[in-house]
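Asker: One structure is given below, represented as structure tokens, and several questions about it will come after.
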Amino acid sequence: MPAPISRMKHALRPSQYAVLVTIMLTASVGDTLLSRGMAQVGQVDLHHLGLLWHALFNPFVISGIVLLIGFFASYMTALSWADLTFVMPATAFGYVVLALLSRFWLHEHLSVYRWAGIFLIVCAVGFVAGGPSRTEEPASHHELDVMDSGAGR
């Protein structure tokens with residue numbers, strides 16, 4: 001019988017934290033590099049599809065694609081040991097990283113509404129991440145004894 005949620009313990013190893021940080025950074029920096037590269041290439045539409053081929057030789061686009069391949073590899077790794085409903089919220093701080101890179105590196109204007117939206121997303125992470133997932137394991141018998149002895153206080 002599975003342990004109740006209150007008797008579950010957090011079971012992430014340092015390497016798993018590193019995977020989550022890698023997901024956040026590779027996605028944010030990769031998207032930012034793609035944006036910068038495509039701004040240099042120009043607007044692509046049905047009449048100018050050849051610009052997509054030209055974009056593949058832009059160093060910012062190439063770097064962005066490489067980082068996004070790293071993102072997908074890290075993302076698949078995380079999904080192999082955690083639920084999607086844990087991985088997505090755990091990496092939501094990437095929205096803040098992306099906003100900061102967009103503001104200070106790409107010099108984009110972020111309205112108060114966008115900052116408020118990012119703030120709400122980050123705050124909501126706790127609600128979504130609070131449920132059980134495959135990343136949690138039942139506490140050991142020793143930890144259960146400690147928890148039970150503290151409950152009588």
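The values are calculated or read from the model by the stated rules, or taken from the named source; none is laboratory data. Computed from a prediction, not measured in an experiment: that's the story for all the values here. As a convention, Cβ positions derive from the backbone with ideal geometry for all residues, glycine included, and neighbour counts pool all protein chains shown.
Asker: In segment 1-22, which residues are modelled with pLDDT of 90 or more and not aromatic (Phe, Trp, Tyr)?
Answerer: 14, 15, 16, 18, 19, 20, 21, 22
Asker: What are the residues in segment 13-35 that are closer than 24 Å to residue 102 by Cβ and in contact (Cβ under 8 Å) with a residue 60 or more places away in the chain, if any?
Answerer: Listed by number, the residues that qualify are 20, 23, 24, 25, 27, 28, 29, 31, 32, 35.
Asker: If you scan segment 39-85, which residues turn out to be at pLDDT below 85 and closer than 19 Å to residue 121 by Cβ?
Answerer: Listed by number, the list holds a single entry, 85.
Asker: For segment 42-71, what are the residues that are of a type in the set (Phe, Trp, Tyr) and surrounded by 14 or more Cβ atoms within 10 Å (Cβ to Cβ)?
Answerer: Scanning segment 42-71 gives 60, 71.
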